[in-house]
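Reading through the structure tokens given below for one structure.
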Amino acid sequence: MKVAVLGSGSWGTAIALYLGRLGFEVSQWCLEPEVVRSVARQRENLLYLKGFKYPDTVSATLSVEEAVEGASFLFSVIPVQHTASFWREHRALLEGKPLVCASKGIEVDSLKTLSQLYWEVFGSLEEYFVLSGPTFAVEVAKGLPTAAVVASVDGEGALEVAKRFSSTSFRLYASTDVKGVELGGALKNVIAIATGISDGMGLGNNARAALITRGLHEIKRLGKALGAKEETFYGLSGLGDLVLTCTGDLSRNRRFGLALGRGEKPEEGRFVVEGVHTVKAVKALSDRLAVEMPISEAVYKIIYEGVSPKEAMEELLSRPVKEESL
């Protein structure tokens, strides 16, 4: 069976490697010609994920048409802020094929999740699946044990996709809460920046644990206001992804926060720090829905209003005392 992977960043490459090792014929669409060249010559993605040889079952191409032709499944791993425009541009090629979206985030301009954008482009969610959970690309590429969630409005369909693409190294679970799985994967990046800032300031493990716990409350509050199920946020795509991204140094969002907390300029380059975009969407959504999100608000102020990390943390800690469940 042929599978197309649309995207050649670190996560898209890890997915292509994984599927190729499972024995699927994989065609990976790449934006950059240098990626296609390095895959053809060195059998590696030297731009985004060095050190991992492509199996013979995986090829790379600059042509979307070539990638999707004959494919039974599509994996969309395009940066979130460009996903909808990519889908619109290539709608005729993508339509009618089951699509697994593995990108995490919220489109800032529209404040919409990717499932909402998919609906706008294709008019249905019957062929749409979202893949999310605690998944560092490097560890998946290494074949280390990983678990994640596949969500669809069709529960049986989600279960079939989970079974089809599961293995002993990558276990997939099924869900029908598309919105919750998407939001968990998006919102945790904001909290990861917050915990990175705290750690960069040297505030300690106690503070990090408090931010993770209270951050989960914020994610849950906004998620419920947007129609997600509360229990989803205690699963792999919620708490699981939150803990990984807030504590693992492979997290670009955490590293971004660490630099801010140390008073350094965060690293810039080709790798997307999705939480920087997501916090703008979270600020707009929480204001619109009157959802209290003080940690996310503090991150927004630090990144976009020039408030110092010290001042933002002091403001956060000086908030009125209330019941924990609120």
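The values are calculated or read from the model by the stated rules, or taken from the named source; none is laboratory data. This is a predicted model, so every value here is computed, not measured. So basically every Cβ, Gly included, is an ideal-geometry build from the backbone, and we count neighbours across all protein chains shown. All accessible areas refer to the heavy atoms of the entire protein, side chains included, with ligands and DNA or RNA removed. Shrake-Rupley method; radii C 1.70, N 1.55, O 1.52, S 1.80 Å.
Brief remarks on what is shown
- For region 1-137, the fraction of 1.4 Å probe accessible surface lying on carbon and sulfur atoms is 50 percent.
- Helix content alone sets the calculated 222 nm mean residue ellipticity of the chain: runs of n ≥ 4 DSSP H residues at -39500 (n - 2.57) each, divided across all residues, give -15500 deg cm²/dmol.
- Charge dipole of region 133-208 about the Cα centre (unit charges at C-beta), most positive-ward option of SER169, ALA186, GLY200: GLY200
- Overall size of region 12-80 from C-alpha positions, given as principal axis extents largest first: 28, 24, 23 Å.
- Percent accessible area from carbon and sulfur atoms, region 243-326, protein chains only, probe 1.4 Å: 51
- Expressed in Å, the radius of gyration and Dmax of the Cα atoms of region 90-174 are 13.9, 40.
- With K and R counted +1 and D and E -1, the other residues having a Cβ less than 14 Å from that of GLY180 yield a net charge of +2.
- Here region 156-218 is treated with +1 on each Lys and Arg Cβ and -1 on each Asp and Glu Cβ, and its dipole about the Cα centre works out to around 140 debye.
- Among the listed pairs LYS142/LYS224; LYS188/LYS322; LYS163/LYS280, those with a Cα-Cα distance over 30 Å are LYS142/LYS224; LYS163/LYS280.
- Gaussian network model of the chain, springs between alpha carbon atoms under 10 Å - residue of ARG252, ARG164, ARG43 with greatest fluctuation: ARG164
- Accessible area in square angstrom per residue, the chain, 1.4 angstrom probe: 44
- Point-charge dipole on Cβ atoms (K/R +1, D/E -1) for the chain, about Cα centre, debye to 20: 660
- GNM flexibility winner over the chain from ILE303, ILE193, ILE106 (Cα, springs under 10 Å): ILE303
- Share of carbon and sulfur in the accessible heavy-atom surface of region 158-228 [1.4 Å probe, %]: 51
- Take every Cα pair under 8 Å whose residues are at least 6 apart in sequence, average their separation, divide by the length of the chain, and the relative contact order is 14 percent.
- Sequence-separation-based contact order of region 180-239, relative, with Cα cut under 8 Å and 6+ spacing, percent: 52
- Percentage relative contact order, region 161-266, counting C-alpha pairs under 8 Å, at least six apart: 39
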